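Working notes, structure below.
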Amino acid sequence: MTEPVLRRAGRGDAAFLSNLAVEAFATYGDYRGLVEAWAADPNVEVTLAEHDGAPAGAAFLAFLRPGEAPGTKVADLLALAVAGPLRGRGIGRALVAHVVARARDVARRHDISELRLAVAETNAAARSLFESAGFAYQDAEGSYARGQKALHMSLPLRGRRPGAG
């Protein structure tokens, strides 16, 4: 299996990101405008995964002060998606590993305590991926635009890494 190539997304990737939003998130609502806004926001790091030289997936990472605790800083995995025909090839796993490593790097320099995300309760594949990366479920829940339950997960960024030793 070919390892995906990860790179920072650029302006030339806008059409792919918009199409990916439609394909990957349509079940949950129309997220195309939000994904386009994230891609254009200099405060959101968009990592693009390429498979065999073509765009295959993306992850959107932001560092922010959450509304519920403005005195703290967190890393927020806003979205992660892989194009349907390319799922199951390790692209999502590579994106998650990259995001976790990036968040840990920034956390060491900027006092960031955790990486958090929301995932649809019905998205078993994504939940399994995040669980395998060490994310744990939090008490908080939310919902997507079409009413699906959103589960909140987080990964501590301070201290020992799982499996390190």
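The values are calculated or read from the model by the stated rules, or taken from the named source; none is laboratory data. On a predicted model such as this, the values are computed, not experimentally measured, just so you know. Quick reminder, even Gly has a Cβ in these numbers, built from the backbone with ideal geometry, and neighbours come from all protein chains shown.
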Worksheet item: Does residue 68 satisfy the condition of being surrounded by 12 or more Cβ atoms within 10 Å (Cβ to Cβ) and more than 25 Å from residue 40 (Cβ to Cβ)?
Response: no
Fill in: Residue count for region 12-42, restricted to those that are over 13 Å from residue 55 (Cα atoms), of a type in the set (D, E, K, R) and either part of a helix (DSSP H, G or I) or without any contact (Cβ under 8 Å) to a residue 60 or more places away in the chain (or both)
4
Item to complete: For residue 142, state whether it is part of a loop (DSSP other than H, G, I, E, B) and out of contact with any Ser or Thr (no Cβ under 9 Å at 6 or more places or on another chain).
Response: no
Worksheet entry | Positions within region 109-155 being free of Cβ contacts under 8 Å to residues at least 24 places away in the same chain and buried (at least 19 other Cβ atoms within 10 Å of the Cβ), in sequence order | 135
Worksheet item: Do we find a residue being under 22 Å from residue 143 (Cα atoms) and at pLDDT below 95 anywhere in region 100-114?
Response: yes
Item to complete: For residues that are part of a strand (DSSP E or B), out of contact with any Pro (no Cβ under 6 Å at 6 or more places or on another chain) and over 12 Å from residue 7 (Cβ atoms), tally how many sit in region 46-56.
Response: 1
Worksheet item: Could you list, in sequence order, the residues of region 24-49 that are among the β-branched types (Val, Ile, Thr) and closer than 21 Å to residue 102 by Cβ?
Response: 35, 44, 46, 47
Worksheet item: Do we find that residue 33 is more than 16 Å from the chain's Cα centre (by Cα) and within 14 Å of residue 78 (Cα to Cα) in this structure?
Response: yes
